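First the structure, in the form of structure tokens, and then the observations on it.
The values are calculated or read from the model by the stated rules, or taken from the named source; none is laboratory data. All figures in this text were calculated on a predicted structure; none of them were measured in a lab. Reconstructed Cβ throughout: ideal geometry from the backbone, glycine too, with neighbour counts over all protein chains shown. Surface areas here come from the heavy atoms of the whole protein model, side chains and all, with no ligands, DNA or RNA. Shrake-Rupley method; radii C 1.70, N 1.55, O 1.52, S 1.80 Å.
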Amino acid sequence: MIKNKLFILSLMSAVSLQIMAQQIVTVTVSNPTKSIRSDVPVVLNLAKYGEVQKAVVTVDGKEIPSQLDDLNTDLVNDELCFLADLGKKETKEYLVKLYQEGQQTQYTARTFAELCLPSKNKKLAKNKQDVYLRSITFDKKTKDVYHYVHSHGLCFESDLIALRVYFDNRQTVDLYGKTHKGLVIYDTQFYPSKEQLENNSGDDVLWVGDTYGLGALRGWDGTHSLLLDSVKYRTQRVISEGPLRAIVEVEDKGWVPAPGLKPITATIRYTVYAGHRDVDCDVFFTKDVSDYRFSTGLINIKNSSEFSDKEGLRGCYGTDWPTGKDDGQHKLETVGLGIYIPVQYFDNEKSATSDDYTDIVKPQGKQLSYKLAYTSADENFGFKGAKEWYNWLKEWKQEQLSPVQIEIK
């Protein structure tokens, strides 16, 4: 009798969940290429589906992880994301159920992001800081933002890579080299302990100085790249920390990119997806800046080789001390860097200097987008040298030029 009651309650619960569904959407995803595509992001705009609180995505009758994101922090979810795995020329149908009640299932995290302040407890180790923020803004009167924020800025990662963005006039993107796949930022906060290093946690692998590091956005005066010295309010925020993608933003209000230009506001959004070593960099401006030019690019790592197709794809591969010199505590690190600028945003490429490989970029209206990627020789899942890295960069660009085809019914 008790078993029958439990069965009826379970059945009623399942039926009520079905009734709660506001929309059932079929998403058809097709791979147009003869290459296997794994962890391909599929993003559904939720604007016309009401205030979605829960989503369930299935393929071939099996539930797969999905993620809801509130991009503008108004407490209403704006996008649904899930990852598709497709064989050569394969097409799959994904069934998406959207609910206006309930809570999103907590799936295994494959991405993470954090923004921390140093704790007042001075006894806490550098990898044990516990003042977590979602957003923080500094006025230009603050002289040393770099040392005020732990890790010198926000951190974000996928299971393949981890990065941080310096919270100062450089806004440089710095790199963490992983030894194996998995998440490390919550445990190391970019400063692994001796014990963590002994257990192959990975470590900071790049000295950046005043360079771009990996694809920092800078001003351009027609001749020189310019740091973001003239910014009225500087903000960093965590939009989403997983499980399938981490999204962070850097906002510069009242930024004068070059002498003689009017101040602008730029929001630089970095998005990294699970299973990816590349990062989307999308820049949103509050007014049309099509006539402006900006610079970005890659640090010229000591002893690095360079690759370029002269059409927006550029990379380098080299070895240097991660602290800029031999301090007796770190080993030489070898990394490969890459940047891909779509044709509509690519203006021209500058010759390498001793510090940087510079590309000039042109916004389209109020937006600018490009992609970044890197590898570390410490990875047990990475590449064996520059040749393999440059081959991957070429394949990477081809994937961007042949995206999966998505149809929503």
> Reported to two decimal places, what Rg/Rh ratio describes the range 76-125 when computed on Cα atoms with Rh from the Kirkwood expression?
Replying inline: 1.18
> So how do 301-307, 373-379, 324-330 stack up, highest first, on mean other-Cβ count within 10 Å?
Replying inline: 373-379, 301-307, 324-330
> Over the range 58-184, what is the relative contact order in whole percent, taking alpha-carbon pairs under 8 Å and six or more residues apart?
Replying inline: 17
>> If you scale each eigenvalue of the Cα gyration tensor by 5 and take the root, what three semi-axes come out for the range 263-409, rounded to whole angstrom and sorted largest first?
In response: 28, 20, 15
> Normalised by the residues of the chain, what does the relative contact order come to in percent, with Cα pairs under 8 Å and at least six apart?
Replying inline: 15
> Can you put TRP220, TRP321, TRP255, TRP207 in order of accessible area, largest first, using a 1.4 Å probe?
Replying inline: TRP207, TRP321, TRP220, TRP255
>> From the alpha carbon gyration tensor of the chain, can you work out the equivalent ellipsoid semi-axes (sqrt of 5 times each eigenvalue) and give them in Å, largest to smallest?
In response: 37, 25, 24
> Mean residue ellipticity at 222 nm from the helices of the chain, using -39,500 (n - 2.57) per DSSP H segment of n ≥ 4 over the full residue count, to the nearest 500 deg cm²/dmol?
Replying inline: -3500 deg cm²/dmol
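About the Cα centre of the chain, what is the dipole size in debye to 20, counting +1 per Lys and Arg Cβ and -1 per Asp and Glu Cβ, all else neutral?
My answer is approximately 560 debye.
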>> Accessible area per residue for the range 126-209 in Å², computed with a 1.4 Å probe and the full protein assembly in place, what is it?
In response: 44
> Lys/Arg Cβ at +1, Asp/Glu Cβ at -1, dipole of the chain taken about the Cα centre: which of GLY324, THR271, LEU95 is farthest positive-ward?
Replying inline: LEU95
>> I'd like the FRET efficiency for ASN380 and ALA125, computed as 1/(1 + (r/R0)^6) with the beta carbon distance as r and R0 of 25 Å, rounded to 0.05.
In response: 0.40
>> Once you place label points 7 Å from the Cα toward the Cβ at GLU399 and TYR191, how far apart are they in nm?
In response: 3.4
>> If DNA, RNA and ligands are ignored and the probe is 1.4 Å, what is the ranking of SER295, SER135 by accessible area, most exposed first?
In response: SER135, SER295
> When the accessible area of the chain is computed with all protein chains present and a 1.4 Å probe, what percentage of it is carbon and sulfur?
Replying inline: 50
>> To make sure I understand the rule: partners must be aspartates and glutamates, Cα under 20 Å from the Cα of LYS123, and not fewer than 8 residues away in the same chain. Which ones qualify?
In response: ASP187, GLU195
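By average Cβ neighbour count within 10 Å, what is the ranking of 78-85, 95-102, 238-245 from highest down?
The peptides rank, most packed first, as 238-245, 78-85, 95-102.
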> On average over all directions, what projected area in square nanometres does the range 55-203 have, based on the convex hull of its Cα atoms?
Replying inline: 12.8
> So how far, in whole Å, is the C-alpha centre of the range 89-121 from the one of the range 216-285?
Replying inline: 23
> Whole-Hz Karplus ³J(HN,Hα) for the range 326-342, in order, using 6.51 cos²θ - 1.76 cosθ + 1.60 and θ = phi - 60°, x for Gly and Pro?
Replying inline: 7, 9, x, 10, 10, 9, 4, 10, 10, 9, x, 10, x, 9, 10, 10, x
> Between GLN22 and GLN329, what FRET efficiency follows from the Cβ-Cβ distance if R0 is 60 Å, with the result rounded to 0.05?
Replying inline: 0.60
> Between ASN199 and SER135, what length comes free when the chain is fully extended (0.36 nm per residue of separation minus the Cα-Cα distance, one decimal in nm)?
Replying inline: 19.8 nm
> How long are the semi-axes of the ellipsoid equivalent to the range 86-153, from square roots of 5 times the Cα gyration tensor eigenvalues, in whole Å, largest first?
Replying inline: 40, 17, 16
>> Using the Kirkwood formula on the Cα atoms of the range 174-243, what hydrodynamic radius do you get, in angstrom to one decimal?
In response: 15.2
> Among LEU160, LEU133, LEU124, which one shows the biggest mean-square fluctuation in a GNM of the chain, springs joining Cα atoms closer than 10 Å?
Replying inline: LEU124
> Lys/Arg Cβ at +1, Asp/Glu Cβ at -1, dipole of the chain taken about the Cα centre: which of VAL145, PHE112, VAL404 is farthest positive-ward?
Replying inline: PHE112
>> Residues of the range 353-368 with backbone nitrogen within less than 16 Å of a virtual label 7 Å along the Cα-to-Cβ line of THR265, please, listed as ranges.
In response: 366-367
